[in-house]
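The values are calculated or read from the model by the stated rules, or taken from the named source; none is laboratory data. What you see is a predicted model; the values in this text were computed from it and never measured. Ideal geometry is used to build each Cβ from the backbone, glycine not excepted, and the neighbour counts take in all protein chains shown. What goes into the accessible areas is simple: the full protein's heavy atoms, side chains included, and nothing from ligands, DNA or RNA. Shrake-Rupley method; radii C 1.70, N 1.55, O 1.52, S 1.80 Å.
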Amino acid sequence: MTQGNAVVAGRPMMPPLGFGTWQLKGDDAYRAVSLALEAGYRHLDTATLYGNEDAVGKALAVGGLPRDEVFVTTKFAQRSPGREPEALARSLDRLGLERVDLWLLHYPLKDPGENAAVWDAFLAAADEGLATDVGVSNHSLDQLDALTAATGRTPAVNQIRLNPPLYDPAVVEGHHDRQVVLEGHSPLRPRKPGLAHPAVVEIAAAHGATPAQVVLAWQLAHRIPAIPRSGHPERILENFHATDLDLTPGDIARIDALGKARTRP
Ligand SMILES: NC(=O)c1ccc[n+]([C@@H]2O[C@H](COP(=O)([O-])OP(=O)(O)OC[C@H]3O[C@@H](n4cnc5c(N)ncnc54)[C@H](OP(=O)(O)O)[C@@H]3O)[C@@H](O)[C@H]2O)c1
């Protein structure tokens, strides 16, 4: 995928900047998602495990945006195959939607055969039109290959943890080679020193931006969709305006150098 393009050609667009909702619950989740939609986010990331699909659904309903203008992802985690159709039906019911734009298998199952069986059920949901696209999360490149080998169909997306200290060009390229959209979660929660890293702070000062905006702009410059989360109105806006920030190639290279591939001996 190129930034702003469809996950799969001809399908709905996945806006490169989305709003994450992990740990936001009840009214807090409703308020944060409503603010995010008002701020201009058109991509929401939730999961059955987050326990907030109903609050996301309420914000979508009250917000009243046309369905095709908001890209909605949810995820399902499980220990053994068999409950996928029921789980998706419940997610759709809580979200108040007839289909999600993207349904992700939240974590790989330990047994590769069982993982492939679940992936088959996800593909069936896509074939039924209940999810426009299906993908996975927290899968390695080998696990992606195993799913493709077992079913002949590659996940459209793999959502994995990504922030500057975790940046590894080989992983990014591996997804690109397989035509799997790499989506990065937890962009603002890098290991220490995190957003306070001197390189990030200096680049932010040079642009009159904030460290969070720099990290998000860096990820987006790599054409990797980012889904930051905040429960605070000013940060919800601040993060949204990361899309206004143009980093220089030198800035990007400096942040890349914080990545794990470069820090290995
Ligand atoms: N697939 C998976 O397994 C998986 C795992 C984790 C996350 N995710 C998804 O990815 C989303 C984002 O990841 P995340 O929630 O782990 O973490 P994140 O968005 O990287 O970071 C959230 C933390 O950063 C703070 N924050 C937000 N904006 C900030 C800013 N401008 N300046 C300073 N601090 C800021 C938030 O605090 P405040 O709320 O106080 O602002 C919160 O403590 C999740 O919400 C979820 O949708 C997926």
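Details
- R79 more than 16 Å from the ligand (Cβ to nearest atom) and among the charged types (D, E, K, R): no
- Annotation: of all residues in the range 1-33 being among the small types (G, A, S) and within 17 Å of V157 (Cβ to Cβ), the one that is modelled with the lowest pLDDT is G4.
- Residue check for L104: more than 14 Å from the ligand (Cβ to nearest atom) and either open to solvent by less than 10 Å² (accessible area, probe 1.4 Å) or in contact (Cβ under 8 Å) with a residue 24 or more places away in the chain (or both): no
- Pairs, first free of Cβ contacts under 8 Å to residues at least 40 places away in the same chain in the range 29-47, second basic (K, R) and buried (at least 18 other Cβ atoms within 10 Å of the Cβ), C-beta under 6 Å, six or more apart: Y30/K58
- Within the range 29-54, the set of residues being touching a helix residue (DSSP H, G or I) at 6+ places or on another chain (Cβ under 8 Å) and acidic (D, E) comprises E38, E53, D54.
- Note on the range 204-228: residues that are more than 20 Å from the chain's Cα centre (by Cα) and in contact (Cβ under 8 Å) with a residue 60 or more places away in the chain amount to 0.
- Among the residues here, S91 does not qualify as modelled with pLDDT under 95 and in contact with a helix residue (DSSP H, G or I) (Cβ under 9 Å, 6 or more places away or on another chain).
- Of all residues in the range 138-189, those satisfying the criterion of being in a helix (DSSP H, G or I), away from the ligand (no atom under 16 Å from the Cβ), within 18 Å of W218 (Cβ to Cβ) and not aliphatic (A, V, I, L, M) are P169, E173, H176.
- Just so you know, in the range 107-130 the residues that are within 16 Å of the ligand (Cβ to nearest atom) and closer than 26 Å to R42 by Cα include one that is nearest to the chain's Cα centre (by Cα), and it is Y107.
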